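Derivation of every value follows stated rules applied to the coordinates shown; laboratory data play no part. Note that the coordinates shown come from a computational prediction; the quantities given were computed from them, not determined experimentally. Cβ: placed from backbone, ideal geometry, glycine included. Neighbour counts: every protein chain shown.
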Amino acid sequence: MPKIADIQETPNPNAVKFILKEPVSYGTSHSFKNAESAKDDRFAASIFEVGNVVSVFYMDKMVTVEKTDDAEWDEILPELAVPIRAAEPVANGNGSAAKAVGGAIAAALDDDPVIREIDALLDDRIRPYLASDGGWLEIVGLEESTLKIRYQGACGSCPSSLTGTLMAIENMIREEIDPNIDVVAV
């Protein structure tokens, strides 16, 4: 049973980040936009069962929960702590789990050197900051000169991710990889 080390606010006022003492995954992100999408994930489903939950994102020792506008954190936080503490920690990490991130997307990354370069840039310069705010992003694909990304966790519905962060990512990719690439969030 993971112990909660800390609960942190995020830039998204409807999302908080639980920092755990034990991992609930190793190197793989798990993002659920609603209870239906979480039905096959026992951990995420148990968080949605608390009620007033809009989305759940977890990775390693971090769980980000977004609540409805109507819910008050003072009321929902103690209820959310119950399924988070009851989660089964991952026994050990291995390299194959990290390689599984993105599923089919990961396979595409191996074949396209531009996507591999973009992914490395995101790993180095963007994802650590998003993770510190309870979020993440994945590459959905590169079609011609349009890179499609998907925000996860607290970043999924945060207004600044769709404006400032998106523009910063696009500018960085244009300066360091290809000046013709446009970045869109899907």
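Miscellaneous remarks
- Each peptide in 70-78, 49-57, 123-131 was scored by the mean count of other Cβ atoms within 10 Å over its residues; highest first, the order is 49-57, 123-131, 70-78.
- Evaluated at q = 0.14, 0.15, 0.20 Å⁻¹: base-10 log I(q)/I(0), Debye formula over Cα of the range 4-95: -0.44, -0.51, -0.92
- Pairs from the list Lys17/Lys39; Lys33/Lys67; Lys17/Lys67; Lys39/Lys148 with a Cα-Cα gap above 19 Å: Lys17/Lys39; Lys39/Lys148.
- Charge-dipole axis of the chain as Lys and Arg at +1 and Asp and Glu at -1 on Cβ define it, positive-most pick from Tyr129, Ser157, Pro23: Pro23
- Cα centroid of the range 130-186 to Cα centroid of the range 1-51, whole Å: 22
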